[in-house]
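**Q** Have a look at the structure that comes next, please.
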Amino acid sequence: MVKVLTVDDSVFMRTVIRDMLVKDPSIEVVGTASNGIEALEKIQALKPDVITLDIEMPKMNGLEVLRELQKAKVRPKVIMLSSLTSKDADSTVEAIRLGADDFMLKPKDLPHVRDIADELVAKVKHLMTLDASPRTLKKSDRPGGAARRVVLIGSSAGGPPMLDTLLAALPADLPAGVIITQHMPTGFTAALAERFNRIARLPVKETENGDIVETGKILLSKAGVHTVISGVIDGNGSRSGRIVHTSAPPLHGVRPAVDKTFESAAQVYGNRCVSVILSGMGNDAGGGAKAVKEAGGVSILCDEKDCLVYGMARSAIQQNAVDRVLPLTSLAAEIERVVLQMGD
């Protein structure tokens, strides 16, 4: 049984969050708190496994709670609840840096708050499976030069928990650059990159315009712009990739679009490119996977049973752009195997 404490200054939100969580028989809501001071008292008394933590609260806000929890020898896992504002995006980045384990985005309109129920339950249960200190597994935060091979990962709804599992399993000496395109509202990919950086063995950062794709480094496509890969030639005459951000109109209703990243990378890397599609709705990624396959690269899908939504993967299947379908737990080993077989 996972014990949860819900912290929010809104009576409505505390009630709704509690109702969403208790529908799962493996979760027990042991208490609620309306501000940070009350939260710290109840954490001490109730010893919850997980707390859901609002950012803006009277007396003591969520960031101040995290600072206090840093002093504790044992603390609960923390899920931040963020509104879709630029201020909340900045606060969420800071929360992750202060030790929050995950974050969730609250719908702008109250009638749709309950729409996040499945995601919230999944996040609470998923947090209990994570290693408490995986960052110690990192080999080095120094990348290994311009990448001659690239791993492309496309993900949307239901994808972040899968990325936790995949990134934690990728080896620290993977001889390729990695680019992840995850559908997410503008402002929040910086927090997601910070969070993945704590979990992965390879260093992770949000893309910046002009970044070189480097061996042993993971780039997470910045939300609000498309991440396009352009070709560059290094001093040795080797061809690699550079990140170019573009504000072109959304594709498939999203920006960044997986197709934009996959298709441009396929042109640069050709048969030294592997694409991986995780959970997500819609048709984004199918065209990109086809471009990778036609360029001589390898296209991999995660098995449907491991995905919350299978629309993106199905779009690749419909375009006959799939080389293999594997369980989530087998993806990292297969990516490594494929990359090691690639030529220079």
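**Q** In terms of Cα to Cα distance under 18 Å, which lysines are near enough to Lys293, apart from those fewer than 8 places away along the same chain?
**A** List returned: Lys260.
**Q** Residues in the range 6-43 near a label at Ser83, defined as backbone nitrogen under 12 Å from the 7 Å Cα→Cβ point?
**A** It comes to 9-10, nothing else.
**Q** Moving on. Order these by the 10 Å Cβ neighbour count, fewest first: Leu278, Leu98. Before the final figure, lay out each step's value.
**A** Numbers: Leu278 32, Leu98 18.
Placing the least packed residue first, the sequence is Leu98, Leu278.
**Q** Still on this structure, please answer the following. Scan around Ile27 for amide H atoms under 5 Å from its own, H built in the peptide plane at 1.01 Å from N, and keep only partners 5 or more places away or cross-chain.
**A** Val2
**Q** To make sure I understand the rule: partners must be lysines, Cα under 24 Å from the Cα of Lys125, and not fewer than 8 residues away in the same chain. Which ones qualify?
**A** Once the sequence-local lysines are set aside, what remains near Lys125 is Lys3, Lys23, Lys42, Lys47, Lys73, Lys77, Lys106, Lys305.
**Q** Another question, then. Could you give each residue of the range 239-250 its phi-based ³J(HN,Hα) in whole Hz, using Karplus coefficients 6.51, -1.76, 1.60 with θ = phi - 60°, and x for Gly or Pro?
**A** Couplings: 8, 9, x, 10, 7, 10, 8, 10, 9, 4, x, x Hz.
**Q** What does the charge add up to near Gly311, with Lys and Arg as +1, Asp and Glu as -1, over the other residues with Cβ less than 12 Å from its Cβ?
**A** Details: positive: Arg314; negative: Asp284, Glu304.
The answer is -1.
**Q** What FRET efficiency comes out for the pair Met60/Ser10, r = Cβ-Cβ distance, R0 = 22 Å, nearest 0.05?
**A** On the way: r = 16 Å, r/R0 = 0.72.
FRET efficiency, Met60 to Ser10: 0.90.
**Q** Where Rh is the Kirkwood radius over the Cα pairs of the range 261-331, the temperature 25 °C and the viscosity 0.890 mPa s, what D in µm²/s does Stokes-Einstein return?
**A** Details: Rh = 11.6 Å.
Result for D is 211 µm²/s.
**Q** Further, regarding this structure: In terms of modelled amide H atoms, which long-range or inter-chain residues lie less than 5 Å from the amide H of Ile180?
**A** Counting only residues 5 or more places away or on other chains, the set is Ile153, Leu219, Leu220, Ser221.
**Q** Rg(Cα) of the chain divided by 2.2 N^0.38 Å? Provide the component values of the computation, followed by the final result.
**A** Numbers: Rg = 20.3 Å, N = 344, 2.2 N^0.38 = 20.2 Å.
Against the empirical 2.2 N^0.38 Å value, I get 1.00 for the chain.
**Q** Dividing the convex hull volume of the alpha carbon atoms of the range 139-341 by its residue count, what do you get in Å³ per residue?
**A** That works out to 99 Å³ per residue.
**Q** I'd like the Karplus ³J(HN,Hα) series for the range 109-115: coefficients 6.51, -1.76, 1.60, θ = phi - 60°, whole numbers in Hz, and an x wherever there's a Gly or Pro.
**A** My calculation for the range 109-115 gives 9, 4, x, 9, 4, 5, 5 Hz in order.
**Q** Here is a further query. Could you work out the local net charge near Ala147, counting Lys and Arg as +1, Asp and Glu as -1, over the other residues with Cβ closer than 12 Å to its Cβ?
**A** Values: positive: Arg148, Arg149, Lys217, Arg239, Arg242, Arg272; negative: Asp211, Glu214, Asp234, Asp344.
Charge balance in the 12 Å sphere: +2.
**Q** Follow-up. Within a Cβ distance under 11 Å of Ile212, other residues only, what is the Lys/Arg minus Asp/Glu net charge? Let's see the in-between values first.
**A** Details: positive: Lys217, Arg242; negative: Glu208, Asp211, Glu214, Asp234.
Summing Lys/Arg as +1 and Asp/Glu as -1 gives -2.
**Q** Using a cut-off of 17 Å between alpha-carbon atoms, which lysines can reach Lys108, once sequence neighbours fewer than 8 places away in the same chain are excluded?
**A** Lys87
**Q** Next question. Kindly write out, for the range 297-311 in residue order, the coupling ³J(HN,Hα) from the Karplus curve 6.51 cos²θ - 1.76 cosθ + 1.60 (θ = phi - 60°), rounded to whole Hz, with x marking Gly and Pro.
**A** With coefficients 6.51, -1.76 and 1.60, one gets x, 10, 10, 10, 10, 7, 4, 4, 5, 9, 9, 5, 9, 10, x Hz.
**Q** With only alpha-carbon pairs counted, each pair once and no self-pairs, how large is the Kirkwood hydrodynamic radius of the range 2-127 in angstroms?
**A** Numbers: mean 1/r = 0.0702 Å⁻¹.
Taking every pair of different Cα atoms in the range 2-127, averaging 1/r and inverting gives 14.2 Å.
**Q** Here's a follow-up. Hey, for a label at Ser238 modelled as a point 7 Å past Cα toward Cβ, could you say which residues of the range 171-209 have their backbone N under 12 Å away?
**A** Answer for the range 171-209: 175-177.
**Q** For Arg75 and Val113, compute 0.36 nm times the residue count separating them, minus their Cα-Cα distance, and round to one decimal in nm. The partial results should precede the final answer.
**A** Working: separation 38, 0.36 × 38 = 13.68 nm, distance 2.75 nm.
Contour length minus the Cα-Cα distance gives 10.9 nm.
**Q** Here's something else I'd like to know. Quick query: amide H of Met104 versus all other amide H atoms, modeled in the peptide plane; which residues come in under 5 Å with a sequence gap of 5 or more or a different chain?
**A** Residues meeting the amide H criterion: Met80, Leu81, Ser82.
**Q** Express as a percent, rounded to the nearest 5, the fraction of DSSP beta bridges in the chain (both residues included) that run antiparallel. List each step's numbers first, then the result.
**A** Values: 11 of 56 bridges.
Rounded to the nearest five, the antiparallel share is 20 percent.
Every number here is computed from the coordinates shown, using simple stated rules; none is lab data. Note that the structure is a prediction, hence the values are computed from the model and not measured. Cβ sites come from the backbone with ideal geometry, for glycine too, and all protein chains shown count toward neighbours.
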